Amino acid sequence: MPKAPFILLVNPWITDFAAHDLWAKPMGLLLLGSLLRGGGCGVALIDCLDRHDPWTMASPDLLPGRDGAFGTGKYPRAVIHKPPAYAQVPRRYHRYGIHPESLTRQALELPKPDLVWVTSHMTYWYPGVFETIRHLKRVFPDVPLWLGGTYAILCRRHAETLSGADFVASGSLDELPCRIEAATGYRPANGASWSPLRPPLAPALDLLRHLPYAPLLTGLGCPYRCPYCASSILQPFSVKRSAPALVEEILRCHGEHGVQDFAFYDDALLVNADQALKPALERIARLELGLRFHTPNALHIRALSRQWCDLLCAAGFRTIRLGLETMRRDRQNEWGGKVETEMFSRVMRNLREAGLAPEDTGAYLMAGLPGQTVEEVRESIDLVREAGARPFICEYSPVPGTGLWNEACRLSPFELAAEPLTHNNTFLACRREDFTLDDLELLKAHALAARRQPRQASKQDADPACPPGPSARSVKPQDRDSKP
Ligand code: B12
């Protein structure tokens with residue numbers, strides 16, 4: 001039997017105008033870490049986005065990071081040259097994450113790996129991925145390096161041509177055990193567990209050096225086919241984990257690592273949630289551990305009955321983001337008919353009656369999609385505020401393979417297919433005369449002003465049924481859009 005390989009997992013740097021650690025951990029790598037270990041492989045992880053890396057914190061040539069509320073925070077960063085595609089963008093461009101020297105040191109402290117696996121997230125963050133790959137290739141020139149994750153799947157050809165990776169993994173999970181065997185001679189013992197149809201294992205969170213919060217995934221996939229979203233391309237099958245597995249993971253994170261803040265990554269957290277999430281949260285609520293849950297990814301409004309709102313409150317949900325998209329009925333239908341304005345008003349009432357403070361409730365509103373007008377986004381911001389929630393602008397990022405992609409390519413003045421940097425949500429790929437970058441900035445400012453506008457005090461606000469948790473309610477990651 002050949003020796004089990006040692007595989008180094010690497011979460012790459014981010015390159016962007018702005019980036020904030022809004023509960024962002026490399027879930028894909030952490031799940032792979034679990035599978036590899038289960039199959040007998042040795043595994044280590046280097047997180048280029050570690051905000052508490054001691055070597056980086058001691059480096060004067062980086063702008064320092066900062067801790068925010070509920071485990072979130074700012075990454076350390078360095079100003080770098082803007083790629084030519086962004087020449088006209090009047091903002092500084094940064095590399096976010098650890099010092100390059102720290103990456104070298106961490107890599108050299110480990111045994112030489114048999115394979116290096118780099119993940120990727122947003123398609124427009126590829127320069128950070130390429131820099132990570134170049135760096136790792138300098139440290140381990142003769143070790144095969146594989147690239148996977150969101151960018152690798154959505155822009156496979158771009159990655160194969162330009163990334164410098166030896167292999168771009170864009171296929172199904174169950175192909176990987178065979179590929180590992182072909183590359184190393186060793187076949188992971190748990191081949192069947194790599195099926196995309198099996199619920200994911202618990203992520204190997206112990207591979208991270210610091211755990212100010214934990215990411216949670218109750219399942220993968222989404223039954224909806226929203227024309228702007230790539231979920232069904234990235235995870236074609238829907239699978240859910242079991243209630244005992246979820247409770248065990250939450251209690252282990254809390255017990256072993258002292259984690260109090262948990263962020264859900266599911267595309268469809270409340271869809272078919274009666275089997276697992278519901279009993280898991282009921283158990284957590286009974287234990288009264290003072291845990292806090294956050295949903296930076298939007299919740300489906302349709303599913304939020306009064307009972308669900310009561311349960312979210314009892315379990316300790318503190319950041320609630322609702323996927324409203326728009327207040328315009330015709331557009332709601334066009335984007336999949338998941339939500340109606342009346343549903344939103346009802347849900348706001350349910351949340352308030354359950355005792356969840358309106359300042360904890362944000363509503364995501366899409367902006368900059370093909371065909372959308374400035375007026376409809378502005379109206380939606382006002383209506384959200386009137387309903388008592390906090391409006392957040394979610395700028396459209398065109399994603400290859402999605403329903404709106406061809407139209408976005410047709411309308412955009414840029415080469416969206418050739419240059420993934422144009423997918424950047426702050427770049428406004430589908431800008432036009434009647435929806436300019438300035439219009440977007442004004443809408444974001446309008447949403448920010450609406451969030452800061454003092455609310456009218458009401459009986460529920462003065463006497464919340466849901467008592468405040470141990471941390472202050474005043475400093476909030478909710479105050480920022482994902483990209484301020
Ligand atoms: C959770 C999530 C977030 C989280 C953070 C996640 C993170 N870690 O950074 C939050 C809520 C903060 C977020 C924010 C945003 N997000 Co988001 N997010 C997601 C979501 C729903 C899930 C990602 C995830 O963790 N999946 C689960 C893991 C297990 O999957 P995975 O990483 O792909 O890994 C698997 C495989 O790829 C493989 N794999 C991974 N790496 C490797 C490496 C190797 C070598 C191999 C072999 C295999 C492999 O193994 C895993 C096995 O299951 C995706 C949609 C989706 N369904 O993927 C959108 C998605 C990635 N987000 C998207 C967008 C647009 C955004 C925002 C810009 C939204 C906005 N307008 O504000 C912001 C920007 C974030 C920022 N910081 O600037 C887009 C990406 C668009 C793009 N152009 O790339 C997506 C695809 C949604 C969509 N619209 O279709 N997001």
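A few remarks follow.
- Any hit, segment 293-304, residues being in the same structural domain as Val339 (by TED's automatic domain parsing) and under 17 Å from Leu205 (Cβ atoms): yes
- Checking each residue in segment 207-241 for being charged (D, E, K, R), buried (at least 16 other Cβ atoms within 10 Å of the Cβ) and in contact with a His (Cβ under 9 Å, 6 or more places away or on another chain) picks out no residue at all.
- Failed item in (1) in contact with a Leu (Cβ under 9 Å, 6 or more places away or on another chain); (2) closer than 28 Å to Gly258 by Cβ; (3) crowded, with 22+ Cβ neighbours inside 10 Å; (4) touching a residue at least 40 places away in the same chain (Cβ under 8 Å), with Pro296 passing the rest: (3)
- Yes/no for Gly191 being modelled with pLDDT of 95 or more and of a type outside the set (A, V, I, L, M): no
- Yes/no for Leu103 being loosely packed, with under 15 Cβ neighbours inside 10 Å and within 30 Å of Arg179 (Cα to Cα): no
- Among residues of segment 113-139 that are under 14 Å from Tyr93 (Cβ atoms), those with a beta-carbon under 9 Å from a residue that is more than 9 Å from the ligand (Cβ to nearest atom) and among the small types (Gly, Ala, Ser) at least six positions away or on a different chain give the pairs Tyr126/Ala159; Tyr126/Ser163; Gly128/Gly97.
- Candidate set: segment 15-52, residues that are within 7 Å of the ligand (Cβ to nearest atom) and assigned to a strand (DSSP E or B); chosen: the one farthest from Pro76 (Cα to Cα): Asp16
- Screening Phe317, Phe344 for residues that are at pLDDT 85 or above, touching a helix residue (DSSP H, G or I) at 6+ places or on another chain (Cβ under 9 Å) and farther than 17 Å from Leu269 by Cβ leaves exactly one candidate, Phe344.
- Sub-9 Å Cβ pairs linking a first residue in segment 357-372 that is farther than 11 Å from Arg321 by Cα to a second residue that is within 11 Å of the ligand (Cβ to nearest atom) and among the acidic types (Asp, Glu), at least 6 apart or interchain, are Met366/Glu395; Ala367/Glu395; Gly368/Glu395, ordered by first then second residue.
- Residue in segment 300-315 that is under 21 Å from Glu395 (Cα atoms), within 23 Å of the chain's Cα centre (by Cα) and buried (at least 16 other Cβ atoms within 10 Å of the Cβ) present: yes
- Subset of segment 104-156 that is among the β-branched types (Val, Ile, Thr), part of a helix (DSSP H, G or I) and more than 7 Å from the ligand (Cβ to nearest atom) - its residue that is nearest to Leu421 (Cα to Cα): Val129
- Residue selected from segment 194-225 under the condition within 12 Å of the ligand (Cβ to nearest atom), outside any loop (DSSP other than H, G, I, E, B) and touching a Phe, Trp or Tyr at 6+ places or on another chain (Cβ under 9 Å), by the criterion farthest from Phe70 (Cα to Cα): Leu220
- Taking the conditions (1) under 26 Å from Phe427 (Cβ atoms); (2) touching a helix residue (DSSP H, G or I) at 6+ places or on another chain (Cβ under 9 Å); (3) within 12 Å of the ligand (Cβ to nearest atom) in turn, Gly164 satisfies each one other than (3).
The values are calculated or read from the model by the stated rules, or taken from the named source; none is laboratory data. Predicted model only: the values in this text are computed from it and were never measured. Positions of Cβ are backbone-derived with ideal geometry, glycine not excepted, and every protein chain shown enters the neighbour counts.
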